[in-house]
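Asker: Below you will find the structure I want to go over with you.
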Amino acid sequence: MSTNPPNLRPDLAPKARLTQPNRPGQPTIGMVSLGCPKALVDSERILTRLRAEGYGISPDYDGADAVIVNTCGFLDSAKAESLSAIGEALNENGRVIVTGCLGAEPEYITGAHPKVLAVTGPQQYEQVLDAVHAAVPPSPDPFVDLLPASAVSLTPRHFSYLKISEGCNHKCKFCIIPDMRGRLASRPAHAVMREAEKLVESGVKELLVISQDTSAYGVDIKHAEDRGHRAHITDLARDLGSLGAWVRLHYVYPYPHVRQLIPLMADGLVLPYLDIPFQHAHPDVLRRMARPAAAAKTLDEIAAWRSICPDLTLRSTFIVGYPGETEEEFQTLLDWLDEAKLDRVGCFQYENVAGARSNALPDHVPEDVKQNRWNRFMAKSQDISEAKLAAKVAQRLEVIVDEVDADAATCRTKADAPEIDGNLFIDDGHDGLKPGDIVTVEVDEAGEYDLWGRIVPPT
């Protein structure tokens, strides 16, 4: 039974879980999905299409006729991780198709791994399927291989990511996502709702809403209304909340209209949880980042949100050691964190990314200074987390069960997103629980990132 380390990568997708059996002789494809949950949704869509064409899905290299590696290209370290994953797949299987964000740089991939079968960019589903067809021709059995009743899922059955848009209109200097995934392209609200309804019907208990900029949802299609649903994040959140599942919002920029979401959280329609990428707190650093936010106003907004919904949980990510960051600017960030008291925090040390405009900024911070600031930032956030969790001892909370083994049930409160936040462990009286159960517990112990509790019998 493990607890969460303080250096969790907030950009990593959950591990794939593949359990559907394949028929004898069925052509099979393996999938390695790297990067953020948005990439995980792309992987699920590719696998769903392949399943509909009669392919089986292999959970390991040995059982696959070919392997698709869905890559991440957000940071140079993520690019290196993607190249390593491609190399491992080549060594273990030999027949590899590459897609995803790093696929936008095919020469970068083929220069390191010339034996890959094909390289496609992000969201290029048809090209991926063409590459699979060329490498492993489909051989469907018309009596067995029917279109699956529900999409292939790489997450447990009880939660699912729901992607509402692609791309981003911001031009942050450290980020190349708009270059790889394009400008904002929102899905019609009725299409999002149709997918959400099918997920809930199939047993999903928690919908995790994701995009590059959730707050901007619908701006590009002028908040179009169609079939009774309007493409605006407030309307969509309200509609999703009517389905009876937990609804968790990720990647929400703190625009003024976000305050309209808070009453929905106070009323229980949407989980009282906001994942907001603040990135920094000093106005000069934010200006050098070209970020669409102002730290002083953000503190006022946070106070206003909490006055409406006192149970609100705030998660964010930050960058330390951004070019030109002075000790004074970094201290401002620490002071801001002291005042904001965010519940969940992730942190990156700045690194250059090929194609990012921040590479050309002056006064890059030395590596040892970045490491020192990261250590100090994480120590501060850990202290805040520990104090926040200690205040939950003796409280009664609803939790959703993720896993059950002989030692404990691993659960999450409404304040915890899967894979990136903390857990609540029930290590006594958990025998009858199963993944997806929602139960009430009383918290009896708190750590730096996790809680422990016991089930409260229903009255």
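Asker: For a 20 Å ceiling on Cα separation, which of these pairs sit above it: Lys341/Lys414; Lys297/Lys370; Lys163/Lys198; Lys79/Lys173?
Answerer: Going by Cα-Cα distance, Lys297/Lys370 fall outside the 20 Å limit.
Asker: In addition: Run the lone-cysteine check on the chain: no other Cys C-beta under 4.7 Å from the residue's C-beta.
Answerer: Among the cysteines of the chain, those whose Cβ sits 4.7 Å or more from every other are Cys36, Cys72, Cys101, Cys168, Cys309, Cys347, Cys411.
Asker: So, R0 is 56 Å and r is the distance between the beta-carbons of Val369 and Ala185; what FRET efficiency does that work out to, to 0.05?
Answerer: Given R0 = 56 Å and the Cβ-Cβ separation, E is 0.90.
Asker: For the stretch 170-316, with equal point scatterers placed on the C-alpha atoms only and solvent neglected, what are the log10 I(q)/I(0) values from the Debye formula at q = 0.17 1/Å, to two decimals?
Answerer: Cα-only, vacuum Debye calculation for the stretch 170-316: -1.02.
Asker: Among 220-230, 50-60, how do they line up by average Cβ neighbours within 10 Å per residue, starting with the highest?
Answerer: Result, highest mean first: 50-60, 220-230.
Asker: A further question follows. What translational diffusion coefficient, to the nearest whole µm²/s, does the stretch 338-459 have by Stokes-Einstein, given a Kirkwood radius computed over alpha-carbon pairs, a temperature of 4 °C and 1.567 mPa s viscosity?
Answerer: 78 µm²/s
Asker: Can you work out D for the stretch 192-233 in µm² s⁻¹ from Stokes-Einstein, where Rh is the Kirkwood radius over C-alpha pairs, the temperature is 37 °C and the viscosity is 0.692 mPa s?
Answerer: 284 µm²/s
Asker: Please list, in order along the stretch 114-127, the HN-Hα scalar couplings obtained from phi with the Karplus expression 6.51 cos²θ - 1.76 cosθ + 1.60 (θ = phi - 60°), rounded to whole Hz, x for Gly and Pro.
Answerer: Rounded to whole hertz, the list is x, 8, 5, 6, 6, 10, 10, x, x, 6, 8, 4, 5, 5.
Asker: Among DSSP beta bridges whose residues both lie in the chain, state the antiparallel percentage, nearest 5.
Answerer: The antiparallel fraction comes to roughly 35 percent.
Asker: On to the next question. Please list the three semi-axes, largest first and in whole Å, of the ellipsoid equivalent to the stretch 206-269, using sqrt of 5 times the eigenvalues of its alpha carbon gyration tensor.
Answerer: They are 17, 15, 11 Å, listed from largest to smallest.
Asker: If I compute solvent accessible area with a 1.4 Å probe over the protein chains, what percent of it on the chain is carbon and sulfur?
Answerer: 51 percent
Asker: Something else: As a test of the definition: which semi-axes, in Å, follow for the stretch 250-363 when you take the square root of five times each eigenvalue of its alpha carbon gyration tensor? Largest first, please.
Answerer: For the stretch 250-363, the ellipsoid semi-axes come out as 28, 14, 12 Å.
Asker: By accessible area of protein heavy atoms, probe 1.4 Å, what ranking do Val32, Val67 get, highest first?
Answerer: Largest to smallest exposure gives the sequence Val32, Val67.
Asker: Using modelled backbone amide H atoms (1.01 Å from N, in-plane), which distant-in-sequence or interchain residues come within less than 5 Å of Ile29's amide H?
Answerer: Gly56, Ile57, Ser58, Asp65
Asker: Ok, one more. Quick one: accessible area per residue over the stretch 371-455, 1.4 Å probe, rounded to a whole number of Å²?
Answerer: Each residue of the stretch 371-455 exposes 44 Å² on average to a 1.4 Å probe.
Asker: Please give the calculated 222 nm ellipticity per residue for the chain, where each DSSP H segment of at least 4 residues contributes -39500 (n - 2.57) and the sum is spread over every residue; nearest 500 deg cm²/dmol?
Answerer: Taken over the chain, the calculation gives -9500 deg cm²/dmol.
Asker: Please compute the alpha carbon radius of gyration of the stretch 227-314, then divide it by the globular-protein estimate 2.2 N^0.38 Å. Two decimals is fine.
Answerer: That works out to 1.17 for the stretch 227-314.
Asker: Right, next: Provide the FRET efficiency to the nearest 0.05 for the Asp335-Ile308 pair, computing r from the beta carbons and using R0 = 22 Å.
Answerer: 0.30
Asker: Follow-up question, since we're still on this one. Which label marks the calculated value of semi-axes √(5λ) of the Cα gyration tensor in Å, given the options (1) 51, 25, 19; (2) 86, 35, 18; (3) 34, 29, 22?
Answerer: Among (1) 51, 25, 19; (2) 86, 35, 18; (3) 34, 29, 22, the one derived from this structure is (3).
Asker: Could you tell me the accessible area of Glu367 in Å² (1.4 Å probe, neighbours in place), rounded to the nearest ten?
Answerer: Accessible area of Glu367: about 120 Å².
Asker: Cβ neighbours within 10 Å, averaged per peptide: list 408-421, 430-443, 331-344 in order, most packed at the top.
Answerer: 408-421, 331-344, 430-443
The values are calculated or read from the model by the stated rules, or taken from the named source; none is laboratory data. Keep in mind that what you see is a predicted model, and the values were worked out from it rather than measured. Counting neighbours? That spans all protein chains shown, and the Cβs are built from the backbone with ideal geometry, glycine included. Heads up: the accessible areas ignore ligands, DNA and RNA and are worked out on the full protein's heavy atoms, side chains in. Shrake-Rupley method; radii C 1.70, N 1.55, O 1.52, S 1.80 Å.
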